[in-house]
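What follows is a short report on a single structure.
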Amino acid sequence: MEQQNILSFKDLIKLFGSLNFKVTTIDELWDQLLRRFHETKLLEQMKVGRLDINIMIEASVFDLDERDDYYNYDSGLPINAAGVVHQSYPTLNNGRGVVDAYPLADCTFSEEDMSLLMAFGNIIYLLMSRIRLGINVEKSRYMDLMTGLYNTAGVRMEGKKLEAVGELFCMAVIFINLRGFSYTNKRIGIKNGDQVLIRYARLLNTLVGMNRGLAARLGGDKFLLIIPKSQLDTALSILEDVQIDIQIFDHTEHVAVNAWIGVFENSETDSIDEALESASVACGVAHATGTYHAVRFQPTMLEHSIRAKRLVASFDVAIKNHDFYPCYQPKVALDTGKLVAAEALVRWENHGEVLLPDDFIPALSDNGKMIELDLYMLECVCRDLRRWLDVGLPAVPVSINYSKENLIRRQLVDETLGMLKKYNLDPSLIEIELTELANYEDPRALEEFITQMHANGIRVSMDDFGTGYTSLNLLKDMSFDVVKMDRSVISRIGDKNESRDEILLRHTLMMLAELGTDIVVEGVETREQLEFIRGINDKLAIQGFFCDEPLSCDEFEARLTDKSYSL
Ligand code: C2E
Ligand code: MG
Ligand code: MG
């Protein structure tokens, strides 16, 4: 026989009305509800012997792993399992909430019972959703919404907690700046690039694992890890060689994710802010020096970084004041001793001191200023060439160094041609030197640049050939007009009888001659070096202190009138 339902909506509202809404977690809410259920026997009055709530949450930035949470009330009385009433609710972030109410043995739910249960389920669902929403709103203040890692504010908050309990000194901070990620984005598209960042973030999270510490995304392609010092070496060995596979349409793309990495190992007195700054400085050093392995912070780096910041801050004014200017270093034909060309090298007149490129280019490059400086230098050179022609000096072609940030800009070709036009110069009077090409991430842009330069009659040279990572493949794939041997190759010539350097230089010069590119050997300082080169090939040009150091414009004009060297 169907039992009389003696519960009214009033009882239900009374129960929910008595709840303390200050709870901040679903567990706290459930504990409170359970206590009320036992005290009031409300569920038994609703003929419910058992209540199972299951909340399934899909992985999202708020919950990086899928979650499956169970909440259960059991009256301890026998139930009628077949009479279960099942309700299902959507939750935030594509999850699902399920409420299963089992009637007491020998009971079934009437329609009125069902509507009461429905109201009951709805209220519980609303209360739980409200708490989850509150938690997510709070989390979002401290998290990066794309990856679910902490953001900068989150790092500070968690870092301060570690600082407060005195645990920061056991930790290492790893600052990560992905190498060439803008190229990855260009190659696979921004959406796929985002997927790579999300996977990378997950990898960082697994490196933190159950340890104290955190993983964070500081924006763009910059990440941070705080992990126990004991885990540092393992983490670094993993970060040095990361490959992330993503599915693009029907194929799997293997994306190598490499980074500039700076490490700071805390000592007891350091604050989180100092730790972050120091790791970031070490990362900047890795970037500026092109160091592929992690760079550990040294106190002297801080002085460099302060100096670099000062230089970057004064850049705009320096450009306006024309504090940058070109020096010209002659290139001399080895067989005739004639001045055949020159390279423009930038100098910075900074508060009475002349700064060399190595003092300021790394800092400017890190801050995206090299594009402007290269174009400024292009204009200086064009202006000088115009003047030499106007006063009847026998001008020679001048090469300009373009930094690699410049090459990805589509406008570069037009800007270069526009400048030649502005000063009414023949394109054969300038040449572009490209450097750091081996770690250049966008060979297609490079190839296109060279093709367009050639189409407009401008020669392109590969600078610094023979240094650390220059790749022979580039020589094979790209049609450079000139290859410039780096001075590090020639500098050891003449040390011993026939060193390995001599063998390398001899064979490289022979190979380049066979490839048919023009050759410039840089850094020739001594007669011995000069004669060594002449012994291999005299159909090339030399550039070095043996002929001339980089000259001021006036000094170089004097060379133009008297073009010969006795070699
Ligand atoms: P680079 O293009 O390979 O220029 C040659 C460097 O070798 C110059 O250093 C030159 O002064 C130096 N050098 C030439 N002959 C000798 C020699 O016989 N012995 C020694 N010890 N050194 C010699 P510098 O002027 O300090 O420039 C360094 C680098 O800075 C350049 O290397 C180039 O990569 C970069 N750079 C210079 N000017 C510019 C510029 O306007 N734009 C860009 N993007 N980079 C520039
Ligand atoms: Mg150069
Ligand atoms: Mg060079």
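The values are calculated or read from the model by the stated rules, or taken from the named source; none is laboratory data. Treat the numbers as computed from the prediction; the structure is a model and nothing was measured. Cβ placement follows ideal geometry from the backbone for every residue including glycine, while neighbour counts extend to all protein chains displayed. For accessibility, only protein heavy atoms count, side chains too; no ligands or nucleic acids. Shrake-Rupley method; radii C 1.70, N 1.55, O 1.52, S 1.80 Å.
List of remarks:
- Residue check for SER428: within 18 Å of VAL340 (Cα to Cα), in a helix (DSSP H, G or I) and at pLDDT 90 or above: yes
- Residue among GLU447, GLU405, GLU436 that is among the acidic types (Asp, Glu), open to solvent by 50 Å² or more (accessible area, probe 1.4 Å) and in a helix (DSSP H, G or I): GLU447
- Any chance THR508 is under 25 Å from LYS404 (Cα atoms), open to solvent by 60 Å² or more (accessible area, probe 1.4 Å) and either more than 14 Å from ligand 3 (Cβ to nearest atom) or at pLDDT 90 or above (or both): no
- Filter result for the condition that a residue is touching a Lys or Arg at 6+ places or on another chain (Cβ under 6 Å) and under 30 Å from LEU197 (Cβ atoms), over LEU104, LEU145, LEU64, LEU149: LEU149
- Filtered by the rule that a residue be without any contact (Cβ under 8 Å) to a residue 60 or more places away in the chain and farther than 16 Å from LEU393 by Cα, the stretch 543-560 gives GLY544, PHE545, PHE546.
- Scanning the stretch 402-436 for residues that are touching a Pro at 6+ places or on another chain (Cβ under 9 Å) and either within 13 Å of ligand 1 (Cβ to nearest atom) or free of Cβ contacts under 8 Å to residues at least 24 places away in the same chain (or both) returns ILE430, GLU431.
- A single entry from ILE371, ILE361 fulfils the requirement of being within 16 Å of ligand 3 (Cβ to nearest atom) and more than 27 Å from LEU540 (Cα to Cα): ILE361.
- Here VAL398 clears all of (1) open to solvent by less than 10 Å² (accessible area, probe 1.4 Å); (2) at pLDDT below 95 except the condition numbered (2).
- ASP68 being touching a strand residue (DSSP E or B) at 6+ places or on another chain (Cβ under 7 Å), of a type in the set (Asp, Glu) and loosely packed, with under 14 Cβ neighbours inside 10 Å: yes
- Test: residue in the stretch 444-458 that is among the basic types (Lys, Arg), modelled with pLDDT of 95 or more and either more than 14 Å from ligand 3 (Cβ to nearest atom) or closer than 17 Å to ASP374 by Cα (or both): no
- For the stretch 291-311, the set of residues classified as among the polar types (S, T, N, Q) and either part of a helix (DSSP H, G or I) or farther than 12 Å from PHE264 by Cα (or both) consists of THR291, THR300, SER305, listed by residue number.
- Candidate set from the stretch 538-567 (those that are at pLDDT 95 or above, part of a loop (DSSP other than H, G, I, E, B) and of a type outside the set (D, E, K, R)); member that is nearest to LEU509 (Cα to Cα): LEU540
- When restricted to residues that are surrounded by fewer than 16 Cβ atoms within 10 Å (Cβ to Cβ), away from ligand 3 (no atom under 16 Å from the Cβ) and in contact (Cβ under 8 Å) with a residue 12 or more places away in the chain, the stretch 341-357 contains 1.
- So ALA318, is it assigned to a helix (DSSP H, G or I) and at pLDDT 95 or above: yes
- In the stretch 154-188, residue farthest from CYS283 (Cα to Cα) [restricted to those that are modelled with pLDDT of 90 or more, open to solvent by 10 Å² or more (accessible area, probe 1.4 Å) and not in a helix (DSSP H, G or I)]: ARG179
- Hey, GLU502 open to solvent by less than 90 Å² (accessible area, probe 1.4 Å), part of a helix (DSSP H, G or I), modelled with pLDDT under 90 and more than 11 Å from ligand 1 (Cβ to nearest atom) or not: yes
- Each residue in the stretch 537-567 was checked for being away from ligand 1 (no atom under 14 Å from the Cβ), open to solvent by less than 40 Å² (accessible area, probe 1.4 Å) and aliphatic (A, V, I, L, M), and 2 of them qualify.
- Selection status of LEU214, touching a Ser or Thr at 6+ places or on another chain (Cβ under 7 Å) and either over 28 Å from SER365 (Cα atoms) or open to solvent by 50 Å² or more (accessible area, probe 1.4 Å) (or both): no
Per-residue answers, yes or no, for (1) at pLDDT 90 or above; (2) surrounded by 12 or more Cβ atoms within 10 Å (Cβ to Cβ); (3) closer than 27 Å to GLU163 by Cβ; (4) not small (Gly, Ala, Ser):
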{"position": "ILE238", "(1), (2), (3), (4)": "yes, yes, yes, yes"}
{"position": "ILE248", "(1), (2), (3), (4)": "no, yes, no, yes"}
{"position": "GLY262", "(1), (2), (3), (4)": "yes, yes, yes, no"}
{"position": "GLY290", "(1), (2), (3), (4)": "no, yes, no, no"}
{"position": "VAL295", "(1), (2), (3), (4)": "yes, yes, yes, yes"}
{"position": "PHE324", "(1), (2), (3), (4)": "yes, yes, no, yes"}
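- Qualifying residue in the stretch 208-231 (condition: farther than 26 Å from THR184 by Cα, touching a residue at least 24 places away in the same chain (Cβ under 8 Å), basic (Lys, Arg) and not in a loop (DSSP other than H, G, I, E, B)): yes
Here is a yes/no grid of residues against (1) polar (S, T, N, Q); (2) closer than 29 Å to PHE169 by Cα; (3) modelled with pLDDT of 95 or more; (4) over 20 Å from the mean Cα position of the chain (by Cα):
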{"residue": "TYR200", "(1), (2), (3), (4)": "no, yes, yes, no"}
{"residue": "ARG212", "(1), (2), (3), (4)": "no, yes, no, yes"}
{"residue": "ARG217", "(1), (2), (3), (4)": "no, yes, yes, no"}
{"residue": "LEU225", "(1), (2), (3), (4)": "no, yes, yes, no"}
{"residue": "HIS254", "(1), (2), (3), (4)": "no, no, no, no"}
